[in-house]
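Before any comments, here is the structure.
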Amino acid sequence: MELSRRHALTGATAIAAAPLFPSLQAKAATPVADKQAPSFYRYKVGDIQVTVVSDGRNTFPLEDSFVLNAKKEEVGAALAQAFLPSDTMTIYFAPLVINTGGKLVVIDTGTGPVAKANSKGLNGLFADNMAAAGFDPKAVDMVVISHFHTDHVNGLLAADGTLAFPNAEVLVPAVEWKFWMDDGEMSRAPAGRMQNLFKNNRSVFEAALKKKVTPYEWGKDVAPGLLAVDTIGHTPGHTSYVLSSGAGKVYIQSDVTNNPNPFATHPGWHAFFDQDADMAEKTRRKVYDMVVAEKLQVQGFHYPFPGLGNVVKDGDGYRVVPAPWNPAI
Ligand SMILES: [Zn+2]
C-alpha cells in the first residue's frame, strides 16, 4: 500500500484521538529536562581504550573576519548546505582519555574552568564529563598537549588555579614549547590575540606549572602506541597523532581542520586562528589525502561529538562521514 502524506496525517490524527490505554492517562505533566546526558563516548583501538570526553561547544555570530579569504555569506552558504544555521558558527571541543592498559593518558584538556564560568557551562566541561566517565584526575599518568591554544591547555588548571592532573607528566611538542617560551617571539607578537596567547601560555606553563613539562619530538611514541606527527601551520609546533594497537589504528588530527563544516568541505579557507594559513592549508590537504587513500579513521578535536569518522574526497574538498554510535565497546 502506498503511504501518502495524507494517509500519514490522517493516521496520526486517528491515533492521537484514540489513546491505546485510556485508563492509564498520566495524572501530572512530566517536567521538561534542562540538561543533556554527560557526553563521553568509548571505543577501542586494538587493546587500547579511547574515551572521547566532550568539553562542550562555543557558538558565535559569523563575521567576515572569521575566514580571511571568504565572505561571511559564502561561509554561511556552506554551513546551510550542511543543514546548519548560516549566521552562526559552532565549534566543539573534545579532549581524549586513553587507557593503554598500563597508562592513563589525556590528550588536550579543553577550555578550562574560567571558560566554564564565562560560558555559563556551554564549554569548560572536560573535568565534569571526565568524572562522569569514571576517571579520577589524580590517576592520570600523562597529559599530552597538541598545541598551545587556550582550548587545549587551559584545562591543565583547576578552578582554584592548582594543577588539574597533579600526578601527571605533562608532555608538550618541543617546537611549540620553544616558540611560546621565546621572549623574542613574545616581544614581536602582534597586539591583541597573539599577545594574549603568549600571556596565557606564560601564566599556565610558567606561573602554574613552573615549567615542569617534558618536550617531545615528532616521529616518536610519546605514550604507548601514540606516535606524534608534525602537522604544522595552525601553530608552529602543531602536532597530530597516530594511535595504534594490533590491527587497530586511528589518526588523531588535533586542529588540522576545525569543524569539518566548513573547513573540510573548503580546505582552502583560511580561518583567522591558523597562524601560518598557507602552511595550515598545505598540511590539511596532505593529511586528508593520506587518510582518504589509507581509509584511516580520524578523530577530530573540533568535530561534532564524538568526533570519530572517515574522510572521503568530495570535489575540491573533503567530507567527513561520522562513525556510527556503537552501544557496545
Ligand atoms: Zn583548537
Within the stretch 275-329, the count of residues that are within 16 Å of the ligand (Cβ to nearest atom) and surrounded by fewer than 14 Cβ atoms within 10 Å (Cβ to Cβ) comes to 0
Give the stretch 44-83 a look and list any residue that's in contact with a helix residue (DSSP H, G or I) (Cβ under 7 Å, 6 or more places away or on another chain) and either buried (at least 16 other Cβ atoms within 10 Å of the Cβ) or not hydrophobic (A, V, I, L, M, F, W, C) (or both), or say none. 53, 54, 55, 62, 63, 64, 66, 67, 75, 78, 79
Can you name the residue in the stretch 255-265 that is within 14 Å of the ligand (Cβ to nearest atom) and not charged (D, E, K, R) and is also surrounded by the most Cβ atoms within 10 Å (Cβ to Cβ) among such residues? 257
Kindly establish whether residue 268 is away from the ligand (no atom under 16 Å from the Cβ), in a loop (DSSP other than H, G, I, E, B) and on the phi > 0 side of the Ramachandran plot. no
Of the residues in the stretch 84-111, those that are away from the ligand (no atom under 16 Å from the Cβ), open to solvent by 10 Å² or more (accessible area, probe 1.4 Å) and not in a loop (DSSP other than H, G, I, E, B) come to 88, 99, 104
What strands (runs of 3 or more DSSP E) lie completely within the stretch 172-247 and have 1 or more residues being hydrophobic (A, V, I, L, M, F, W, C) and open to solvent by 50 Å² or more (accessible area, probe 1.4 Å)? 226-230
Hey, any hits in the stretch 3-15 for a residue that's within 16 Å of the ligand (Cβ to nearest atom) and either at pLDDT 95 or above or open to solvent by less than 60 Å² (accessible area, probe 1.4 Å) (or both)? no
Looking at (1) away from the ligand (no atom under 16 Å from the Cβ); (2) in contact (Cβ under 8 Å) with a residue 24 or more places away in the chain; (3) assigned to a loop (DSSP other than H, G, I, E, B), which one does residue 148 not meet, given that it meets all the others? (1)
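The values are calculated or read from the model by the stated rules, or taken from the named source; none is laboratory data. Remember, predicted model here, so these are calculated numbers, not experimental data. When we count neighbours, we look across all protein chains shown, and the Cβ atoms used for this are built from the backbone with ideal geometry, even at glycine. Ligands, DNA and RNA are stripped out before the accessible areas are found, and what is left, the full protein with its side chains, is counted by its heavy atoms. Shrake-Rupley method; radii C 1.70, N 1.55, O 1.52, S 1.80 Å.
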